[in-house]
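The values are calculated or read from the model by the stated rules, or taken from the named source; none is laboratory data. Owing to the predicted nature of the structure, the values given are computational and were not obtained by experimental measurement. Ideal geometry is used to build each Cβ from the backbone, glycine not excepted, and the neighbour counts take in all protein chains shown. Note: areas computed on protein heavy atoms with side chains; ligands, DNA, RNA excluded. Shrake-Rupley method; radii C 1.70, N 1.55, O 1.52, S 1.80 Å.
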Amino acid sequence: MTEELVIDIAREAVFALLKISLPIMLIGLVVGLTIAIFQALTQIQEMTLTFVPKIIVVFLALVVLAPYMIDILQSYMDGIADKIISLE
């Protein structure tokens with residue numbers, strides 16, 4: 001196993017991680033900003049108001065985006081398997 005192959009695998013792993021986590025993080029960011037703006041406008045400073053909707057929306061996003069995330073992980077694993085096969 002060469003150094004270039006290891007770096008290539010690590011780079012692909014980081015990109016797969018970003019592809020999987022970025023939509024969930026953006027959804028959480030949008031919900032958090034929306035709730036923060038609502039709290040600033042109404043001057044309601046309840047701590048549970050920020051966490052509960054964000055947890056629910058992120059959970060629903062995980063359920064909806066699960067096929068996309070599985071597809072990304074499967075294509076990454078197929079690439080890893082092809083690289084393992086080509087080593088022999």
One finds, for I44 and V64 with R0 = 30 angstrom and r their Cβ-Cβ distance, a FRET efficiency to the nearest 0.05 of 0.55
Among T34, T42, T50, the residue with the largest mean-square fluctuation in a Gaussian network model of the chain built from Cα contacts under 10 Å is T42
Rounded to the nearest 10 degrees, the helix 48-87 long axis (Cα) sits at an angle to the longest Cα principal axis of the chain of 10 degrees
Taking a probe of 1.4 Å and leaving out DNA, RNA and ligands, region 3-55 shows per residue an accessible area in Å² of 76 Å²
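Multiplying the sequence separation of D82 and L18 by 0.36 nm and subtracting their Cα-Cα distance, what value in nm do you get?
On the way: separation 64, 0.36 × 64 = 23.04 nm, distance 2.18 nm.
Here the answer is 20.9 nm.
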Cα extents of the chain per principal axis, largest first, Å, are 64, 25, 14
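Taking 22 Å as R0, compute the FRET efficiency from the Cβ-Cβ separation of S75 and I55 and round it to 0.05. Please list the in-between numbers first.
Numbers: r = 29 Å, r/R0 = 1.32.
Given R0 = 22 Å and the Cβ-Cβ separation, E is 0.15.
Using a 1.4 Å probe on the protein chains only, how many percent of the accessible area of the chain belongs to carbon and sulfur? Before the final figure, lay out each step's value.
Numbers: 5100 of 6740 Å².
The computed percentage sits at 76.
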Calculated from DSSP helices alone, with each H run of at least 4 adding -39500 (n - 2.57) and the total divided by the residues of the chain, [θ]222 nm to the nearest 500 comes to -33500 deg cm²/dmol
In degrees, nearest 10, the alpha-carbon axis of helix 3-42 is tilted away from the dominant principal axis of the alpha carbons of the chain by 10 degrees
